[in-house]
1. Sort out which residues of the stretch A:104-123 are surrounded by fewer than 22 Cβ atoms within 10 Å (Cβ to Cβ), touching a residue at least 40 places away in the same chain (Cβ under 8 Å) and under 15 Å from A:R48 (Cα atoms), and write them in order of number.
2. Which numbered condition trips up A:M134, out of (1) within 14 Å of chain B (Cβ to nearest Cβ); (2) under 18 Å from A:P49 (Cβ atoms); (3) open to solvent by 10 Å² or more (accessible area, probe 1.4 Å)?
3. Among the numbered criteria (1) assigned to a strand (DSSP E or B); (2) touching a Leu at 6+ places or on another chain (Cβ under 8 Å); (3) at pLDDT 95 or above, which one does A:R156 miss?
4. Any residue at all in the stretch A:27-46 that is acidic (D, E) and surrounded by 14 or more Cβ atoms within 10 Å (Cβ to Cβ)?
5. Tell me, yes or no, whether the stretch B:139-153 has at least one residue that is over 28 Å from B:R4 (Cα atoms), modelled with pLDDT of 95 or more and not in a strand (DSSP E or B).
6. Taking only pairs six or more apart or across chains, which ones have beta-carbon atoms under 6 Å, a first residue in the stretch B:149-166 that is within 13 Å of B:V117 (Cα to Cα), and a second residue that is among the charged types (D, E, K, R) and open to solvent by 80 Å² or more (accessible area, probe 1.4 Å)?
7. Only residues in the stretch B:1-30 that are modelled with pLDDT under 95 count as the first member; pair them with residues that are surrounded by 19 or more Cβ atoms within 10 Å (Cβ to Cβ), Cβ under 8 angstrom, at least 6 apart or cross-chain, and list the lot.
8. Condition first: more than 12 Å from the chain's Cα centre (by Cα) and either without any contact (Cβ under 8 Å) to a residue 12 or more places away in the chain or loosely packed, with under 15 Cβ neighbours inside 10 Å (or both). Can you find one or more residues in the stretch B:51-60 that meet it?
Number of protein chains: 2
Amino acid sequence: MDFRDHIRVISDFPKEGISYKDITTLLKNGEMYQVAINTLVEKIKPWRPDVIVGPEARGFLFGAPVAYALGVGFVPVRKPGKLPAKTIGETYDLEYGFDTLEVHADAIQAGERIVVVDDLLATGGTMLATANLMKKIGADVIGMGFLIELTVLNGREKLMDYPVFSLVEY
Amino acid sequence: MDFRDHIRVISDFPKEGISYKDITTLLKNGEMYQVAINTLVEKIKPWRPDVIVGPEARGFLFGAPVAYALGVGFVPVRKPGKLPAKTIGETYDLEYGFDTLEVHADAIQAGERIVVVDDLLATGGTMLATANLMKKIGADVIGMGFLIELTVLNGREKLMDYPVFSLVEY
């Protein structure tokens, strides 16, 4: 069983030269989707997380079912202006320009054990910003799990402070 | 057990006069989140869906775990430009202006039984657009489930062609 058989690769999306990994073909296969979530859960469970954190929007597709399966809370990390209560933000550099992520200031209790889940580890920029955001609100990031890792982009280097795993590498 | 005890109400978000229902307080409570998903699953299971469909982004937080728990596929409905393969779109009116939703043209097989899941039924505009999108790709919407329903906005009237349920009403 190879998750790669269920991930569609699309050339030149969102721009020329990028070979996009399309997870929707995996999501629509109920059996494979369940296996993917169960595999993430198996790997994350020994970390005994109190909360799963996932960035908008594709992170919700993996983080939310993992939280549900583990019976722990899920905390969404969102783009600016989406969260209704008091937020804390973290701005980070993109290839061109910058972006900001936000989390509710009261989303996590100090000392809670956090595992971050996302569909894809690419450059690690979003993940590092998410980890920094967690630090700001006093939470302890004990690991990160991804469905896909694009190894050539060296995301792990940026995330050296954290245990990281992925289910498939490209 | 009342889900309302775990939903935070925030005044004047995203604009004055709106009393926003904040689901993040429910999501971060692992036990309550699990109960909410299990309750949705119990109600949806008798419809024997082949696929759960959920609109970006909060629809992912409920639709994805429901699909996982049922062992069926999940199909995301997204804003324009987010889906990498060939899409079909549906444009619908907002209070000011309009919006468009997209789904992959090959996301669903003709005749598949679809249940749409979202966090909130308000005016029903997004849901009607989602149902129309499903019709366009030949799928059969057999029902819709929501965590929250704002009854004063009469969303059900727009969705009269479909069985609709919600777990809490305001």
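The values are calculated or read from the model by the stated rules, or taken from the named source; none is laboratory data. Just so it is clear, the structure is predicted and the values come from calculations on it, not from any experiment. Methodologically, a virtual Cβ is constructed for each residue, glycine included, from the backbone with ideal geometry; neighbour enumeration extends over all protein chains shown. For accessibility, only protein heavy atoms count, side chains too; no ligands or nucleic acids. Shrake-Rupley method; radii C 1.70, N 1.55, O 1.52, S 1.80 Å.
1. Scanning the stretch A:104-123 gives A:E112, A:R113.
2. (3)
3. Tallying (1) assigned to a strand (DSSP E or B); (2) touching a Leu at 6+ places or on another chain (Cβ under 8 Å); (3) at pLDDT 95 or above, A:R156 fails exactly one: (1).
4. No, the stretch A:27-46 contains no residue that is acidic (D, E) and surrounded by 14 or more Cβ atoms within 10 Å (Cβ to Cβ).
5. So far as the stretch B:139-153 goes, no, none of its residues is over 28 Å from B:R4 (Cα atoms), modelled with pLDDT of 95 or more and not in a strand (DSSP E or B).
6. Pairs found: B:E149/B:E169; B:V164/B:R156; B:F165/B:K43.
7. B:F13/A:P84; B:P14/A:P84
8. no
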